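Asks: Before I ask anything, let me first share the structure, which is written out below as structure tokens.
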Amino acid sequence: MLRWPWPKVIAHRCGGALAPENTLAGLAIAARIGCRAVEFDVMLSRDGEPVLIHDETLDRCANSSGTVAALDGALLMATDVGERFHHAFAGETIPSLDAALRRCRELGLAANLEIKPAQGHDVETGRVVGRRLASLGPDQRPALLLSSFSEGALEAAVAEAGDIPRGWLAPAFSAGALDTATRLGCVSLHLAVEGLEAAHVAAARAVGLRVLVYTVNDPADARRLAGWGVSGVFTDRPDLLLDAIR
Ligand code: G3P
Ligand code: MG
């Protein structure tokens with residue numbers, strides 16, 4: 001099995017529940033409480049700028065509405081996604097992928113970059129993200145793990161940046177998920193905690209895949225999963241899980 005540099009606790013959407021999701025503030029908080037790795041979601045703006053956002057619309061996290069794939073990057077990057085979370089975060093805007101990667105490097109955070117294409121933009125999103133990463137070079141980017149629920153997106157990213165390790169994201173374990181992960185040359189399989197069984201973890205490990213699990217907020221669950229041989233968990237409560245593991 002490949003050398004595995006990833007810690008067991010990965011802050012979900014940057015800082016988990018401790019900060020507005022997918023923001024630079026989240027990265028700062030994750031680093032401050034002792035995280036060494038984060039996960040974030042990347043989607044393309046209308047003009048092809050990769051930015052950190054989970055949903056296809058602004059509605060849930062901003063005080064404005066609109067469709068990410070129909071808005072320009074400059075407008076998205078000026079959109080406040082802090083205030084809605086808590087007024088203390090007012091002024092926190094959607095980061096560009098470039099800004100997030102830079103900040104991860106500065107803070108010493110490894111990054112699981114989840115390619116989250118808007119519907120119908122799978123290949124384009126993977127290609128743009130892959131090209132952007134390839135243009136940076138290994139000493140200009142943080143330790144990276146690429147992932148996606150979209151086969152087309154991950155495949156396109158790998159075609160541009162084949163040296164970056166990747167994981168296959170699946171909502172549930174299946175033989176098909178193992179096949180896809182293997183075919184794409186993945187080092188890991190990322191599975192939802194709901195419905196996960198010890199036998200699924202064993203089956204993935206048997207074909208040489210690490211298993212990462214989302215979203216795990218209860219320390220008792222994290223300990224049970226570690227006992228099954230899970231390599232790490234994505235959590236909204238890195239504060240609780242880091243303490244539990246220490
Ligand atoms: O990458 C793990 C997890 O983030 C996948 O689910 O919907 O939170 O992006 P989601
Ligand atoms: Mg995600």
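The values are calculated or read from the model by the stated rules, or taken from the named source; none is laboratory data. Just so we're clear, the structure is a prediction, and the values are computed from it rather than from any experiment. Counting neighbours? That spans all protein chains shown, and the Cβs are built from the backbone with ideal geometry, glycine included. Just so you know, the surface numbers come from the protein's heavy atoms only, side chains and all, with ligands and any DNA or RNA stripped out. Shrake-Rupley method; radii C 1.70, N 1.55, O 1.52, S 1.80 Å.
Asks: Tell me the carbon and sulfur percent of the accessible area for the range 95-208, rounded to whole percent, probe radius 1.4 Å.
Replies: Here it works out to 50 percent.
Asks: Could you work out [θ]222 nm for the chain from helices alone, using -39500 (n - 2.57) per DSSP H run of at least four and dividing by all its residues? Round to the nearest 500 deg cm²/dmol.
Replies: -10000 deg cm²/dmol
Asks: Then there's this: Tell me which of Asn22, Val38, Leu52 sits at the most positive position along the dipole axis of the range 8-90, charges placed on C-beta atoms (Lys, Arg +1; Asp, Glu -1).
Replies: Val38
Asks: Related question: In whole percent, and with a 1.4 Å probe on the protein chains, what portion of the accessible area of the range 1-93 is carbon and sulfur?
Replies: Percent of accessible area from carbon and sulfur atoms in the range 1-93: 51.
Asks: What is the packing order of peptides 22-28, 75-81, 224-230, taking the mean over residues of other C-beta atoms within 10 Å and listing the highest first?
Replies: 22-28, 75-81, 224-230
Asks: Out of all DSSP beta bridges with both ends in the chain, state the antiparallel percent to the nearest 5.
Replies: On the way: 6 of 35 bridges.
Roughly 15 percent of the beta bridges in the chain run antiparallel, per DSSP.
Asks: What is the packing order of peptides 135-147, 186-198, taking the mean over residues of other C-beta atoms within 10 Å and listing the highest first?
Replies: The densest-packed peptide leads the list: 186-198, 135-147.
Asks: To the nearest 20 debye, what is the magnitude of the charge dipole of the range 64-153 about its Cα centre, counting +1 on the Cβ of each Lys and Arg and -1 on the Cβ of each Asp and Glu? The partial results should precede the final answer.
Replies: Numbers: 9 positive and 11 negative charges, 47 e Å.
In total the dipole reaches around 220 debye.
Asks: In bins 10 Å wide, starting from 0, what share of all Cα pairs of the range 33-182 does each bin hold, as a percent?
Replies: 11, 39, 35, 13, 1
Asks: Taking the Cβ-Cβ separation of Trp228 and His54 as r and a Förster radius of 22 Å, what is the calculated FRET efficiency to the nearest 0.05? Can you show the working numbers first?
Replies: Values: r = 27 Å, r/R0 = 1.24.
With R0 = 22 Å, the Cβ-Cβ based efficiency is 0.20.
Asks: Would you please classify the overall shape of the range 87-246 from the alpha carbon gyration tensor, given that a ≥ b ≥ c denote the square roots of the eigenvalues, rounded means a/c under 1.5, and beyond that prolate means a/b larger than b/c while oblate covers the rest?
Replies: The shape class here is oblate.
Asks: Separate question: For the range 90-152, calculate the relative contact order in percent as a whole number, restricting contacts to Cα pairs under 8 Å that are 6 or more residues apart.
Replies: 46
Asks: Over the range 1-80, what is the relative contact order in whole percent, taking alpha-carbon pairs under 8 Å and six or more residues apart?
Replies: Relative CO of the range 1-80 lands at 22 percent.
Asks: Given contacts defined as C-alpha pairs under 8 Å and at least six residues apart, what's the relative contact order of the chain, whole-number percent?
Replies: Relative contact order, the chain: 18 percent.
Asks: Let's see if you can work this out: charge +1 on each Lys and Arg Cβ, -1 on each Asp and Glu Cβ, no other charges. What is the dipole magnitude of the chain about its Cα centre, in debye to the nearest 20?
Replies: Values: 24 positive and 30 negative charges, 192 e Å.
I would put it at about 920 debye.
Asks: For a quick check: with amide H placed at 1.01 Å from N, whose amide H comes under 5 Å from Gly82's, ignoring anything fewer than 5 positions away on the same chain?
Replies: The answer is Gly91, Glu92.
Asks: Ordered by packing density, taken as the mean number of other Cβ atoms within 10 Å over each peptide's residues, highest first, how do 35-44, 90-99 rank?
Replies: By packing density, highest mean first, the sequence is 35-44, 90-99.
Asks: Residues of the chain: accessible area per residue at 1.4 Å, in Å²?
Replies: 42
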